[in-house]
Each structure stands twice: as structure tokens, then as C-alpha cells.
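Let me begin by presenting the structure, written as C-alpha cells, before commenting on it.
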Amino acid sequence: MRLKKIFVTVFMITAVLMLCCGCQKKGAAADGEQRYAWPLGTASPEDTVTQIYAERFVEEVERLSDGAIKIQVYPNSTLGGDRELLESCKDGDIPFVIQNTAPQVTFMKDLAVFDIPCRFSTIEEAREKIDDPEFYNLMEGVYEKGGYKLLGYADQGLRVMSTNKKVSSMADFKGQKIRTMENSYHMDFWKTLKAAPTPMTFSEVYIGLQQGTIDAQENPYEVIVSNRLYEQQDYVVNTNHLPHLISLIVSDEFFDGLPEESQEIIMEAAEIAKEEARQASDDRIAKKIKIIEDSGTEIVELDDSLRKEMREAAQPVYDEIEKDVNREIVEAYLK
């Protein structure tokens, strides 16, 4: 049964890639009519801000082009996981991709700037910095060197911590076995708080919390609720330690091969979709918080003095990232 499932998935991916391979050259006929929809791949399920971002982008591109440009969304890793999507996008086989910035660090190390912890207290602060022309232009350059064009950043708010121990001081972090992604900067951050970061496959997190293999985990509200992690936790602590950014990118080679009018349509559609995805994120977070509170799990706010202590403790991570990331980018992010 498993082999059959793998075969079907591989067949679907192969079919799409064969259809789309060389889409820059074959996507439109000599008469200018687009013969098939260009793919947009994500590794996220349908009921997410990522899907909302993708759908709004597709709708706006079709509207602004009067139906001349068509894009098809393929969610749920249909065209591959994060790594495969990035590689296929760079090659131009999958023109458009929407994904979190974390898996992109392997390909573009300067994106580790977003792993600087405790930089923002609110998502509005993060958005203001990300949209700042000076900083955004630097990030465009990072993606361009990687073979992509950055079309914008939406988000799922800030990442927070869920746990069975109420956090009101630095001492409360000590010893907590918290699940993190396999990201050295993330793990080092929790170590500076004296917690015990434990990388774990996400599919194992719920049962890990249930069985006590881990005490805590960190994710945006969207993930905590969609995966019902709050059911195994007494508290959700608004650590707000990192923004959970979602990037919309397009193959640089593919984009450069489009007519200028099509490029402008894609960029305008991306801007509209970004704003609507951010608003959807804000609306959904409010609903997710209510679901958590109605379940009996308590939302914990941290005071400014504790946030300051967390930032000061995390200074070694700042130093580490400053060594690995372009200095100009770090300075623009922290300014």
C-alpha cells in the first residue's frame, strides 16, 4: 500500500514537471495565449495562511491579466517538500513557491537573520522592519543571488511557547524539554534560557507531549491549534521569540523571461495578496486564541522586564548570527 502511494505521488510530480519543464519558453504560444496554468507549490495543508496567500495571489494575477495568466496551486507537498520545491523553483520547473523562510537558510545563509531571537514584541513591529525599503532591498539581493525573485513576505504571526509549566521568570525556562526545529540558532536560543531543546519530527510532537517525552514546544498559534497541541498543554506563553515569515518567490530565470507587462501584474498581485494574507493571519490568530482559552489552557503574557532578560541572555545567538550573516543585513535588521 505504501509503495503504491509513493508511486502515485512520484507519477503526479513527474507529470506536472514534464508539463511545466521549460515553461518559461513554452508557457505561451506565439499568439500570446497561455496554454496551461503555471504551478505554484507549497508544502502546507489547505487550511493555512499559506494557502490563503497562494489563492489570493492566483486570483489577483488572473483578475489583473483579464484571465490571460493562469496559475495553479499545488499544496500539501504534492510537488515535493520544502527542499525539493526550492530546487525545482531555482531550475524554473516550478515557477512559484510559497514557504516559511526557515528551510531556505540552507540555500541562502543570510536568511538566518530572521533567526535573531526576541527582536520584536509584536508582529506589527516585525512587518514594519521587513517592509522597510532598505532592509527589503537587501533581502531581494539575497534571493537574486540564490536564483530567485522575492515577491513578498506574509506571516503567521510570532512564534510562541506552549508548556505545562507557567512561565513568569527566567528560572521557569530552566530544564524544560522543548521541541524545536533542527535549526542550530533556534536550539542555541533555548539553551541560553537554560531550557533543554529537543529536535523532533513534527508528526511526533503531539504524542511526545502526551507521553511526556517533551515538556513544551514552540510554534505560531496557527500550528498549535490546527494540530491540537494545546490539548496536551496547560499554558501558551507569548514568548514572541521569532516571526514566522512566509515568502512568495518565483524563479529568477522564469520571471526575467516574461514580458514587462506580465512582470508588473505578478508584482502587483503579490503585494495585494501579501496584505490580505497578513490580515487573514491576524483574524485567525484571534480565533485560535479563543479556541485555546475555551479549552481551559491559559494564555500567559510576559512583562517587559522578563523580555529584556530574555534578549540579554540571547546575546550569544546574536553574536553567532552576526558572524554567519552579511554584516550590512544584520545591521539593517537590528537598526
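The values are calculated or read from the model by the stated rules, or taken from the named source; none is laboratory data. Everything numeric here is computed off the predicted structure, so don't read it as measured data. Here the Cβ positions follow ideal geometry from the backbone for every residue, glycine too, while neighbour counts run over all protein chains shown. Side chains are part of the model used for accessible areas, which takes the heavy atoms of the whole protein and leaves out ligands, DNA and RNA. Shrake-Rupley method; radii C 1.70, N 1.55, O 1.52, S 1.80 Å.
The selection criterion, being touching a residue at least 24 places away in the same chain (Cβ under 8 Å) and surrounded by fewer than 20 Cβ atoms within 10 Å (Cβ to Cβ), does not hold for Glu264. Just one of (1) open to solvent by less than 50 Å² (accessible area, probe 1.4 Å); (2) closer than 29 Å to Gln217 by Cβ; (3) in a helix (DSSP H, G or I) fails for Phe120. It is (3). Within the range 147-165, the set of residues being charged (D, E, K, R) and under 26 Å from Ser281 (Cα atoms) comprises Lys149, Asp155, Arg159. Looking at Val167, Val205, just one residue is aliphatic (A, V, I, L, M), at pLDDT 95 or above and either under 18 Å from Ser44 (Cβ atoms) or assigned to a helix (DSSP H, G or I) (or both), and that residue is Val205. For Ser247, the test of being among the polar types (S, T, N, Q), open to solvent by less than 20 Å² (accessible area, probe 1.4 Å), touching a strand residue (DSSP E or B) at 6+ places or on another chain (Cβ under 9 Å) and assigned to a helix (DSSP H, G or I) is failed.
The rows are residues; the columns are (1) more than 24 Å from Asn240 (Cα to Cα); (2) touching a residue at least 12 places away in the same chain (Cβ under 8 Å); (3) charged (D, E, K, R).
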| site | (1), (2), (3) |
| --- | --- |
| Thr78 | yes, yes, no |
| Ala102 | no, yes, no |
| Thr106 | no, yes, no |
| Leu111 | no, yes, no |
| Thr122 | no, yes, no |
| Glu140 | yes, no, yes |
| Tyr143 | yes, yes, no |
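Here are some residues: Asp91, Asp131, Asp115, Asp110. Which one is under 15 Å from the mean Cα position of the chain (by Cα) and charged (D, E, K, R)?
Of Asp91, Asp131, Asp115, Asp110, the one residue that is under 15 Å from the mean Cα position of the chain (by Cα) and charged (D, E, K, R) is Asp115.
Only one of the listed residues (Ala216, Ala269) is within 30 Å of Asn164 (Cβ to Cβ), aliphatic (A, V, I, L, M) and open to solvent by less than 20 Å² (accessible area, probe 1.4 Å). That residue is Ala216. Screening the range 311-321 for residues that are closer than 21 Å to Arg127 by Cα and either assigned to a loop (DSSP other than H, G, I, E, B) or not β-branched (Val, Ile, Thr) (or both) and picking the one that is nearest to the chain's Cα centre (by Cα) gives Tyr318. In the range 178-191, of all residues being open to solvent by 30 Å² or more (accessible area, probe 1.4 Å) and part of a helix (DSSP H, G or I), the one that is farthest from Ala43 (Cα to Cα) corresponds to Lys191.
Within the range 286-319, if we keep just the residues that are under 20 Å from Ser162 (Cβ atoms) and among the polar types (S, T, N, Q), the residue that is least open to solvent (accessible area, probe 1.4 Å) turns out to be Thr297. Tell me, yes or no, whether the range 17-39 has at least one residue that is assigned to a helix (DSSP H, G or I), modelled with pLDDT of 95 or more, closer than 30 Å to Ile224 by Cα and open to solvent by less than 10 Å² (accessible area, probe 1.4 Å). There is no residue in the range 17-39 that is assigned to a helix (DSSP H, G or I), modelled with pLDDT of 95 or more, closer than 30 Å to Ile224 by Cα and open to solvent by less than 10 Å² (accessible area, probe 1.4 Å).
For Ile178, which of the numbered conditions (1) at pLDDT below 95; (2) over 16 Å from the mean Cα position of the chain (by Cα) fails to hold? Against the list (1) at pLDDT below 95; (2) over 16 Å from the mean Cα position of the chain (by Cα), Ile178 comes up short only on (1).
For the range 45-79, enumerate the residues that are open to solvent by less than 30 Å² (accessible area, probe 1.4 Å), among the small types (Gly, Ala, Ser) and within 16 Å of the chain's Cα centre (by Cα). Of everything in the range 45-79, just one residue is open to solvent by less than 30 Å² (accessible area, probe 1.4 Å), among the small types (Gly, Ala, Ser) and within 16 Å of the chain's Cα centre (by Cα), namely Ala54. Tell me, please, whether a residue that is open to solvent by 50 Å² or more (accessible area, probe 1.4 Å), closer than 19 Å to Asp234 by Cβ and of a type outside the set (S, T, N, Q) can be found in the range 151-166. Checked against the condition, which is being open to solvent by 50 Å² or more (accessible area, probe 1.4 Å), closer than 19 Å to Asp234 by Cβ and of a type outside the set (S, T, N, Q), the range 151-166 yields at least one hit.
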